[in-house]
Amino acid sequence: MMCPLCRHDETKVIDSRASQQFAIRRRRECLKCGRRFTTYEKIEESPLKVIKKDGSRVPFDREKIRSGLEKACYKRPVSDDDIEAVICDVETDISQDFEREVPSRVIGEQVFNALRQIDQVAFVRFASVYREFKDVNDFVEELEPMLRRQRRPR
């Protein structure tokens, strides 16, 4: 590992620990100038492809999930940590269940189900785009099961 300050290529690892998103955080010290810095190591995997509705394939991009979640959760009491947790859960699940390609439908369903548990308004917002609601009746069909569960005596 090359020192970012003096460009010397000999460093020693002072501390290692696991971090989120399948990475290893390493604290390093340059053997020439003594400067300390942090590196993150991530396993290089073959890139996962997402199979879109039209059959095209695009690289998996967690930022697309983040963008959709942020739009659905706009002005809702959903924290950035909640959004990050959903993204990490989806990413973990699809990396365990799919090796090279995953249908976009699977990703959408996982986000859809996670939002249902986090915030009902964000869930409906996401559902309106994901399920491509055409009119109010589509909204009503999606909301009826949720409303029935709330009306049940506890």
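The values are calculated or read from the model by the stated rules, or taken from the named source; none is laboratory data. Predicted model, so just to flag it, every value in this text is computed and none were measured. Every residue, glycine among them, receives a Cβ derived from its backbone with ideal geometry; neighbour counts consider all protein chains shown.
Which of (1) within 30 Å of LEU5 (Cα to Cα); (2) modelled with pLDDT of 90 or more; (3) among the aliphatic types (A, V, I, L, M) does ILE43 not meet, given it meets every other one?
The failed condition is (2).
Any chance you could count how many residues in region 50-85 are in contact with a Phe, Trp or Tyr (Cβ under 9 Å, 6 or more places away or on another chain) and either among the β-branched types (Val, Ile, Thr) or not assigned by TED's automatic domain parsing to the domain that holds VAL111 (or both)?
Going through region 50-85, the residues in contact with a Phe, Trp or Tyr (Cβ under 9 Å, 6 or more places away or on another chain) turn out to be 50, 68-69, 71-73.
When the remaining residues are screened for being either among the β-branched types (Val, Ile, Thr) or not assigned by TED's automatic domain parsing to the domain that holds VAL111 (or both), the result is 50.
Residues that pass the stated criteria total 1.
Got a number for residues in region 114-145 being closer than 22 Å to ASP82 by Cα and either among the aliphatic types (A, V, I, L, M) or touching a residue at least 12 places away in the same chain (Cβ under 8 Å) (or both)? Don't jump to the end; show me each part of the working.
Just the residues of region 114-145 that are closer than 22 Å to ASP82 by Cα, to begin with: 114-130.
Filter again for either among the aliphatic types (A, V, I, L, M) or touching a residue at least 12 places away in the same chain (Cβ under 8 Å) (or both), leaving 114-116, 118-127, 129-130.
The number of residues fulfilling the criteria is 15.
Return a yes/no flag: does region 4-18 have any residue that is without any contact (Cβ under 8 Å) to a residue 24 or more places away in the chain, surrounded by fewer than 15 Cβ atoms within 10 Å (Cβ to Cβ), in a helix (DSSP H, G or I) and charged (D, E, K, R).
no
Got a number for residues in region 46-61 being out of contact with any Pro (no Cβ under 8 Å at 6 or more places or on another chain) and modelled with pLDDT under 90?
Of the residues in region 46-61, the ones out of contact with any Pro (no Cβ under 8 Å at 6 or more places or on another chain) are 46, 52-58, 61.
Still in the running and modelled with pLDDT under 90: 46, 53.
Within region 46-61, residues that are out of contact with any Pro (no Cβ under 8 Å at 6 or more places or on another chain) and modelled with pLDDT under 90 number 2.
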